[in-house]
Amino acid sequence: MASSGIAKGANKGHVTEKIERKSKPSNRKGALGKRTALCRSIAREVCGLSPYERRILDMIKTGGAAADKRIYKFAKKRLGSHKRAVHKREDIKEVNAQQRARAAGAS
């Protein structure tokens, strides 16, 4: 918010010009690099899914009304946190969609 030059109110304070700061390298922390993404995709291609991921995939395929919640609870127990569990569920759903697309393309 810009300052108004008035001593009272929401925009109180001396009118100044905003200085554009260069983004710090630490702001990139956690961003996925090209090399890492490539390595992970090759590892996934070669190794396939881990046993617990295969179990999640099976849960997705069998489905049901409360499948999402059951998958989440299972993944959370294995991975330890809400965020990781939700992300893993979405990843495996994407893998399932790719498999279905590949099967549809082949037939």
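Restricting the search to the range 1-42, which residues are among the hydroxyl-bearing types (Ser, Thr, Tyr) and over 25 Å from residue 91 (Cα atoms)?
Passing the criteria: 3, 4, 16, 23, 26.
Consider only pairs whose beta carbons are under 9 Å apart and that are at least six residues apart or on different chains; among these, list those whose first residue lies in the range 60-79 and is open to solvent by 60 Å² or more (accessible area, probe 1.4 Å) and whose second residue is aromatic (Phe, Trp, Tyr).
78/52
For the range 38-59, enumerate the residues that are aliphatic (A, V, I, L, M) and in contact (Cβ under 8 Å) with a residue 12 or more places away in the chain.
Hits for the range 38-59 are 49, 56, 57, 59.
Restricting to the range 84-101, what's the tally of residues that are under 22 Å from residue 51 (Cβ atoms) and open to solvent by 60 Å² or more (accessible area, probe 1.4 Å)?
Within the range 84-101, residues that are under 22 Å from residue 51 (Cβ atoms) and open to solvent by 60 Å² or more (accessible area, probe 1.4 Å) number 8.
Identify, by number, the condition in (1) open to solvent by 100 Å² or more (accessible area, probe 1.4 Å); (2) within 30 Å of residue 86 (Cα to Cα) that residue 43 doesn't meet.
Residue 43 satisfies every listed condition except (1).
Please indicate, with yes or no, whether at least one residue in the range 6-25 is part of a helix (DSSP H, G or I) and either without any contact (Cβ under 8 Å) to a residue 60 or more places away in the chain or surrounded by 10 or more Cβ atoms within 10 Å (Cβ to Cβ) (or both).
Among the residues of the range 6-25, at least one is part of a helix (DSSP H, G or I) and either without any contact (Cβ under 8 Å) to a residue 60 or more places away in the chain or surrounded by 10 or more Cβ atoms within 10 Å (Cβ to Cβ) (or both), which makes the answer yes.
Being closer than 30 Å to residue 3 by Cβ and either out of contact with any helix residue (DSSP H, G or I) (no Cβ under 7 Å at 6 or more places or on another chain) or modelled with pLDDT of 95 or more (or both) narrows it down to one residue among 100, 21, 35, 28; which is it?
Being closer than 30 Å to residue 3 by Cβ and either out of contact with any helix residue (DSSP H, G or I) (no Cβ under 7 Å at 6 or more places or on another chain) or modelled with pLDDT of 95 or more (or both) holds for just one of 100, 21, 35, 28, which is 21.
Would you be able to say whether some residue in the range 20-27 is on the phi < 0 side of the Ramachandran plot and within 19 Å of the chain's Cα centre (by Cα)?
yes
The values are calculated or read from the model by the stated rules, or taken from the named source; none is laboratory data. Computed from a predicted model, the values in this text were never measured in an experiment. Cβ: placed from backbone, ideal geometry, glycine included. Neighbour counts: every protein chain shown. We work out accessible area using only protein heavy atoms, side chains counted, and drop any ligands, DNA or RNA first. Shrake-Rupley method; radii C 1.70, N 1.55, O 1.52, S 1.80 Å.
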